[in-house]
Amino acid sequence: ASDPVYSDDVFSCLGYEGTGSAQTITNGVDLSGEGGLVWIKRYDGSQDNVLQNTASGTSKMLRSHGSGQESSGSGRVSSFNSNGFTLGTDADVNANNQDYVSWCFRECPGFFDIVTYTGTGSAQNVSHSLGSEPGAIFIKKTSGSENWAVYHRSAGNASPGKLNGTNAFNTSANGHFNSTTPTSSAFTVNTDATVNENGATYVAYLFAHDDQSFGADQDEAIIK
């Protein structure tokens, strides 16, 4: 049997104070060896949400509240480590005496997966390594400006949401997921440029639902 995996092996929600100088955030999550996502927000000021992942590397970033393409992340997360991550000096993540919160999701079957893919302009299946049916999927075009597309199990495969907006999940909106429920190995995208423009690049963040393979006896769920 594989070694047991616990929630604090794959997830961290950690507050910290900025220093204005490079600093390392230690949270016990192995990002360099396993891969993952770091999401940071200053909570005592108006700096942007910053999302950086190991698939894109430290030089790229996205903002969860905007439609802009993947942009330079220099000065924000400068390295992904075996027990956390290191910060640069940008005020988005590390202004002196300012307060921040970081959410860290490690790639792990049954919990979280990161997929990058290239659009084809035709409906396509995109493989993933989550190993269970996703409960939620966030997709962002990285090579250009498009809204974030959101699949959530409670809304179904024909009612997408928009992460960077206030609209309800809407059946009259374009069904970005081709009215096809994701499986344990793939999700489907339709022809819309939000999720599948020919030649464009995308990143997808996949969150599991109720996969019961965690804990000492490998029979507990850690995400719903």
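The values are calculated or read from the model by the stated rules, or taken from the named source; none is laboratory data. Small disclaimer: the values here were computed from a predicted structure and weren't measured. Note that we place each Cβ from the backbone using ideal geometry, even for glycine, and neighbour counts take in every protein chain shown. When the accessible area is computed, the model is the full protein with side chains, heavy atoms only, and any ligands, DNA or RNA have been set aside. Shrake-Rupley method; radii C 1.70, N 1.55, O 1.52, S 1.80 Å.
Beta carbons closer than 6 Å, at least 6 apart along the sequence or on distinct chains, pair a first residue in segment 22-39 that is in contact (Cβ under 8 Å) with a residue 12 or more places away in the chain with a second that is of a type in the set (Lys, Arg) and in a strand (DSSP E or B) for 29/106; 34/106; 36/106.
Take the conditions open to solvent by less than 40 Å² (accessible area, probe 1.4 Å), in contact (Cβ under 8 Å) with a residue 24 or more places away in the chain and not aromatic (Phe, Trp, Tyr) and apply them to residue 47. Does it pass? First the steps, then the outcome.
Details: open to solvent by less than 40 Å² (accessible area, probe 1.4 Å): no; in contact (Cβ under 8 Å) with a residue 24 or more places away in the chain: yes; not aromatic (Phe, Trp, Tyr): yes.
Here the answer is no, as residue 47 does not meet what is asked.
Mind listing whichever residues of segment 71-83 are within 16 Å of the chain's Cα centre (by Cα) and either open to solvent by less than 30 Å² (accessible area, probe 1.4 Å) or at pLDDT below 95 (or both)? Within segment 71-83, 71, 73, 77 meet the criteria. The residue pairs whose first member lies in segment 198-224 and is closer than 25 Å to residue 162 by Cβ and among the aliphatic types (A, V, I, L, M), whose second member is at pLDDT below 95 and open to solvent by less than 10 Å² (accessible area, probe 1.4 Å), and whose beta carbons are closer than 7 Å, counting only pairs six or more residues apart or on different chains, do not exist in this structure.
For residue 113, the criteria (1) touching a Leu at 6+ places or on another chain (Cβ under 8 Å); (2) closer than 30 Å to residue 20 by Cα hold in every case but one, which is (2).
Condition check ((1) among the aliphatic types (A, V, I, L, M); (2) within 30 Å of residue 217 (Cα to Cα)) across all residues:
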{"position": "9", "(1), (2)": "no, yes"}
{"position": "18", "(1), (2)": "no, no"}
{"position": "22", "(1), (2)": "yes, no"}
{"position": "32", "(1), (2)": "no, yes"}
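In segment 32-56, how many residues are closer than 26 Å to residue 116 by Cα and hydroxyl-bearing (Ser, Thr, Tyr)?
Here is the first cut: in segment 32-56, the residues closer than 26 Å to residue 116 by Cα are 32-41, 48-56.
Checking the rest, the ones that are also hydroxyl-bearing (Ser, Thr, Tyr) come to 32, 54, 56.
Number of matching residues: 3.
Counting residues in segment 162-173 that are in contact with a strand residue (DSSP E or B) (Cβ under 6 Å, 6 or more places away or on another chain) and modelled with pLDDT under 95 gives one or more.
With the structure loaded, tell me whether residue 106 is under 26 Å from residue 221 (Cα atoms) and either aromatic (Phe, Trp, Tyr) or crowded, with 18+ Cβ neighbours inside 10 Å (or both) or whether it fails that test. It would help to see each step written out before you state the result.
Numbers: under 26 Å from residue 221 (Cα atoms): yes; either aromatic (Phe, Trp, Tyr) or crowded, with 18+ Cβ neighbours inside 10 Å (or both): yes.
So residue 106 fits the description; yes.
Scanning segment 109-121 for residues that are over 16 Å from the mean Cα position of the chain (by Cα) and open to solvent by 20 Å² or more (accessible area, probe 1.4 Å) returns 118, 120, 121. The number of residues in segment 8-31 that are open to solvent by 60 Å² or more (accessible area, probe 1.4 Å) and closer than 17 Å to residue 113 by Cβ comes to 1.
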